[in-house]
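*Asks:* Input: one structure, supplied below.
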Amino acid sequence: GSPYRVAVLEGVFPSLPDFWRHYPVAHACLRASQLVWPSMEREMRPERHAARVVGTPDVLIIQGETDPFTPPEHGERVLRAMNGRARAELWVLPGVEHTFAYRDQKVAYAGRVVPFLRSALRGS
């Protein structure tokens with residue numbers, strides 16, 4: 001089983017190449033490492049691990065609508081990869097950039113995350 005019963009994930013990305021494409025040097029190093037040790041990067045893909053979630057945890061994925069690094073499509077891919085293995089939902093916040101959901105929308109964030117955690121942890 002999984003050690004996690006609940007998770008709030010903000011700004012998720014499906015794979016390192018998807019995220020690091022914005023950082024040319026890091027992306028080039030990652031691509032070079034794939035030639036030397038191809039399984040390393042594959043084993044670190046959140047999308048791949050999402051497909052192996054066990055224990056049906058409650059998961060809230062938060063993506064900023066204007067996030068250039070981890071756009072909503074990244075959260076959608078991770079959500080699809082879970083394929084019912086988690087009670088997961090995606091929340092896209094309008095006008096929010098990368099990992100600024102709480103900073104930019106404190107009231108909405110608290111109004112969504114706190115009840116989500118209370119509900120998920122109530123059954124623990």
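The values are calculated or read from the model by the stated rules, or taken from the named source; none is laboratory data. Here the structure is a predicted model, which is why all the values come from computation and not from measurement. So basically every Cβ, Gly included, is an ideal-geometry build from the backbone, and we count neighbours across all protein chains shown. Protein only, heavy atoms only, side chains kept; ligands, DNA and RNA dropped before computing areas. Shrake-Rupley method; radii C 1.70, N 1.55, O 1.52, S 1.80 Å.
*Asks:* Can you give me the C-alpha center-to-center distance between the stretch 98-115 and the stretch 11-48, rounded to a whole angstrom?
*Replies:* 29 Å
*Asks:* At a 10 angstrom cut-off on C-beta neighbours, averaged per residue, how do the peptides 87-94, 108-115 rank from highest to lowest? Intermediate values should be presented prior to the final figure.
*Replies:* On the way: 87-94: 16.6, 108-115: 13.9.
For the peptides 87-94, 108-115, the packing ranking is 87-94, 108-115.
*Asks:* With a 1.4 Å probe and every protein chain kept in, tell me what percent of the accessible surface of the chain is carbon plus sulfur.
*Replies:* Details: 4240 of 7310 Å².
Roughly 58 percent, rounded to a whole number.
*Asks:* Further question: If you plug each phi of the stretch 13-18 into the Karplus form 6.51 cos²θ - 1.76 cosθ + 1.60 with θ = phi - 60°, what whole-Hz ³J(HN,Hα) values come out, in order, with x for Gly and Pro?
*Replies:* Along the stretch 13-18, the couplings run 10, x, 7, 4, x, 4 Hz.
*Asks:* Nearest 10 degrees is fine. How inclined is helix 72-82 to the longest principal axis of the chain, computing both from alpha carbons?
*Replies:* Tilt relative to the chain: about 80 degrees.
*Asks:* Just the accessible area per residue of the chain, please: how many Å² with a 1.4 Å probe?
*Replies:* On the way: 7310 Å² over 124 residues.
Per-residue accessible area for the chain comes out at 59 Å².
*Asks:* Give the angle, between 0 and 90 degrees and rounded to the nearest 10, that separates the Cα long axis of helix 106-122 from the longest principal axis of the Cα atoms of the chain.
*Replies:* 80 degrees
*Asks:* Sticking with this one: In percent, what relative contact order does the stretch 1-55 have, based on Cα pairs under 8 Å that are 6 or more apart in sequence? Walk me through the numbers before you get to the answer.
*Replies:* Numbers: 32 pairs, mean separation 25.6, N = 55.
Rounded, it is 47 percent for the stretch 1-55.
*Asks:* OK, next. For a test of the definition: using alpha carbon positions, the gyration tensor, and the 1.5 limit on a/c, classify the chain as rounded, prolate or oblate. Walk me through the numbers before you get to the answer.
*Replies:* Numbers: a/c = 2.81, a/b = 1.35, b/c = 2.08.
The shape class here is oblate.
*Asks:* Right, another one. Mind listing the long-range amide H neighbours of residue 91? Cut-off is under 5 Å, sequence gap 5 or more, other chains count too, H placed in the peptide plane at 1.01 Å from N.
*Replies:* Distant-sequence amide H within range of residue 91: 61, 62, 63.
*Asks:* Indicate the gyration tensor shape class of the stretch 16-55 (rounded, prolate or oblate), computed on the Cα atoms with a ≥ b ≥ c the square roots of the eigenvalues: a/c under 1.5 is rounded; otherwise a/b larger than b/c is prolate and the rest oblate. Don't skip to the answer; put the middle values down first.
*Replies:* Details: a/c = 5.02, a/b = 1.76, b/c = 2.85.
Verdict is oblate for the stretch 16-55.
*Asks:* Given H placed 1.01 Å from N in the peptide plane, which residues other than close sequence neighbours of residue 58 have an amide H under 5 Å from its amide H?
*Replies:* 6, 7, 87
*Asks:* Something else: Around residue 122, with a cut-off of 14 angstrom between Cβ atoms, what is the net charge of the other residues, counting Lys and Arg +1 and Asp and Glu -1? The partial results should precede the final answer.
*Replies:* Details: positive: 5, 87, 118; negative: 58.
That sum, taken over residues with Cβ under 14 Å, equals +2.
*Asks:* Output ³J(HN,Hα) for the stretch 85-102: one whole-Hz value per residue in order, computed from phi by the Karplus curve 6.51 cos²θ - 1.76 cosθ + 1.60 with θ = phi - 60°, and x for Gly and Pro.
*Replies:* My calculation for the stretch 85-102 gives 6, 9, 8, 10, 9, 10, 10, 9, 9, x, x, 9, 9, 4, 6, 10, 4, 5 Hz in order.
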